[in-house]
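Everything below concerns the one structure shown next.
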Amino acid sequence: MLQTYEKEKRGVGKMEKLYAVILAGGSGTRFWPFSRELWPKQMLEIVGEESLLRQAIHRLDGFIPPERILLVTTETLAPEIENHLAALGKGAKGIAVIKEPMGKNTAAAVGLAAIHLNRKDPEAVMLVMPSDHLIRKVGAFLEAVRVATDAAGQGFLVTFGIRPSRPETGYGYMEVEDGGAVRGAPFLRLRRFVEKPDLEKAKAYLSAGNFFW
């Protein structure tokens, strides 16, 4: 999904300017009792033999080097996160851990990472990734990131969506419309974000066909 924004294009859109920002400050309260304050769900081996956080990092192997990966967490969680990453050995060397004084949810974490990156590389493109997602089709995901990075170079903000499979009331939705193509790649244009709906609205969104999670 696309949204326009004003930015000098310069190096924006080039893969060598792409940085991954992995959000790992969540406390996992909704996954209690399996998760704990100092051992949230992103550090659990829920699917497979690796934690969700380690999977998120491995997903980028050969795609984004560790020195262009930033991990945002809280000061409270940081020691456990750093110990957790130590098991990756050389794969974690170079990853920057940014510590929030206190967790203030997604927008603040992304903003902190943006400030850090702007100081490091004013032409950086941010790929914001939660640390607790399960992505089975990694190749397709990385190809979508390539296309999105190219779109960023054309002056767009890009978000990834999932076509809903049920009238879910626990997720927010995105209403979209045809957006044409950017360098031959089809995109949908974002009309609006809709916060978690009631069941009737969720059913209507599912029937409409132009709403995504």
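The values are calculated or read from the model by the stated rules, or taken from the named source; none is laboratory data. Treat the numbers as computed from the prediction; the structure is a model and nothing was measured. So basically every Cβ, Gly included, is an ideal-geometry build from the backbone, and we count neighbours across all protein chains shown.
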Members of the range 78-132 found to be loosely packed, with under 13 Cβ neighbours inside 10 Å, over 14 Å from the mean Cα position of the chain (by Cα) and among the small types (Gly, Ala, Ser), listed by number: Ala86, Ala87, Gly89, Gly94
Residues that are at pLDDT 65 or above and assigned to a helix (DSSP H, G or I), drawn from the range 12-29: Met15, Glu16, Lys17
Test: residue in the range 179-189 that is in contact with a Lys or Arg (Cβ under 8 Å, 6 or more places away or on another chain) and surrounded by 16 or more Cβ atoms within 10 Å (Cβ to Cβ): yes
The range 32-88 - residue that is part of a helix (DSSP H, G or I) and among the polar types (S, T, N, Q) and, of those, modelled with the lowest pLDDT: Gln42
Selection from the range 164-177 of residues that are among the charged types (D, E, K, R) and either surrounded by 13 or more Cβ atoms within 10 Å (Cβ to Cβ) or not assigned by TED's automatic domain parsing to the domain that holds Phe187 (or both): Glu168, Glu175
